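The values are calculated or read from the model by the stated rules, or taken from the named source; none is laboratory data. All of these numbers come straight from a predicted model, not from anything done at the bench. Heads up, the Cβs are rebuilt from the backbone with ideal geometry, glycines too, and the neighbour counts pull from every protein chain shown. Heads up: the accessible areas ignore ligands, DNA and RNA and are worked out on the full protein's heavy atoms, side chains in. Shrake-Rupley method; radii C 1.70, N 1.55, O 1.52, S 1.80 Å.
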Amino acid sequence: MHVRRKLIVGNWKMNGGIAALGEVAAVAEAARGAAGAEVAICPPFTLLAAAVTRAGGLVAIGGQDCHWDDSGAHTGSVSAAMLREAGARLVIVGHSERRAEQGETDSLVRSKAERALAYGLQAIVCVGESEAERQAGRAAERVSGQLAGSLPDPGGEGELVVAYEPIWAIGTGRTATPADVAGIHSAIRRSLLDRFGDSGGRIRILYGGSVNSGNAAELFAVPDVDGALVGGASLTAAQFVPIVEAAAHS
Ligand code: PEP
């Protein structure tokens, strides 16, 4: 039985300017007293280096995406190497918004995750079914296909993390029930053990989708929920810190 420390990752998406850096400092201060959980914030690239300074090593700072290449003619992109140099410790790859808006495929997500691991970053690989797939009873099948196609083989210095984010629960205020989450997370765990053997038991599986201070504790009590990827409720310390505290005390 592996002990997996809870990991809470805030995804600011395309939100936040210089004024929002005060929220990073406030979360860092709270994280000092929440040693039971690991805390990270992924701000827009424009704030990354300044956020690293404000986090003071108490909160890990990460990117919301990276390119599969290290450098070159890829206008508008940022590489895992660049993130690492700017002080990032993690990166989210394959978020459903990028899969939908940028047409990212499983194999592209896998290449990005490989580069992230090669540069010693935590690679948070997102998977999750749509509302239509859920209604059709195909959630588990969809997630297992995404895992097979998006997860890299072991390698590099970084840590692989999986985030299960049902698309219908993201930003909607609709959270999957603890029973739904338990079913999918245990299926994810089985597929990690099948593919990676014993080390699959060490990979953290986060839940994401309208997590807030009111539902965090019951989600963290579900077996194989090793933390959360939090969007809207990560934008202010007032909403994010109670989630961190729920994880630290779970
Ligand atoms: C997300 O974007 O990863 C997310 C889970 O968003 P929210 O918490 O707002 O549903």
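Is it the case that some residue within the stretch 169-183 is within 16 Å of the ligand (Cβ to nearest atom), assigned to a helix (DSSP H, G or I), open to solvent by less than 60 Å² (accessible area, probe 1.4 Å) and modelled with pLDDT under 95?
yes
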**Asked** If you scan the stretch 209-250, which residues turn out to be within 13 Å of the ligand (Cβ to nearest atom) and either hydroxyl-bearing (Ser, Thr, Tyr) or touching a Phe, Trp or Tyr at 6+ places or on another chain (Cβ under 7 Å) (or both)?
**Response** 210, 213, 219, 228, 230, 233, 234, 235, 236
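Go through the residues of the stretch 150-166 one by one and say whether even a single one is part of a helix (DSSP H, G or I) and out of contact with any Cys (no Cβ under 9 Å at 6 or more places or on another chain).
Pass one, the stretch 150-166, residues part of a helix (DSSP H, G or I): 150.
After this cut, where a residue has to be out of contact with any Cys (no Cβ under 9 Å at 6 or more places or on another chain) as well, the list is none.
No.
Looking at this structure, is residue 133 open to solvent by 70 Å² or more (accessible area, probe 1.4 Å) and farther than 22 Å from residue 8 by Cβ?
Numbers: open to solvent by 70 Å² or more (accessible area, probe 1.4 Å): no; farther than 22 Å from residue 8 by Cβ: yes.
Taking the combined requirement at face value, the residue does not satisfy it.
Within the stretch 80-112, how many residues are closer than 26 Å to residue 58 by Cβ and either within 16 Å of the ligand (Cβ to nearest atom) or not in a loop (DSSP other than H, G, I, E, B) (or both)? Let's see the steps before the verdict.
Looking only at the stretch 80-112, we keep the residues that are closer than 26 Å to residue 58 by Cβ, and these are 80-93, 95.
Adding the requirement that they be either within 16 Å of the ligand (Cβ to nearest atom) or not in a loop (DSSP other than H, G, I, E, B) (or both) leaves 80-85, 90-93, 95.
Total satisfying the criteria: 11.
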**Prompt:** When residue 195 is evaluated against the numbered criteria (1) among the basic types (Lys, Arg); (2) more than 16 Å from the ligand (Cβ to nearest atom); (3) under 15 Å from the mean Cα position of the chain (by Cα), which criterion, by number, is the only one it fails?
**Reply:** (3)
**Asked** When you scan the stretch 45-71, how many residues do you find that are under 18 Å from residue 240 (Cα atoms), in contact with a Lys or Arg (Cβ under 8 Å, 6 or more places away or on another chain) and open to solvent by less than 40 Å² (accessible area, probe 1.4 Å)?
**Response** 3
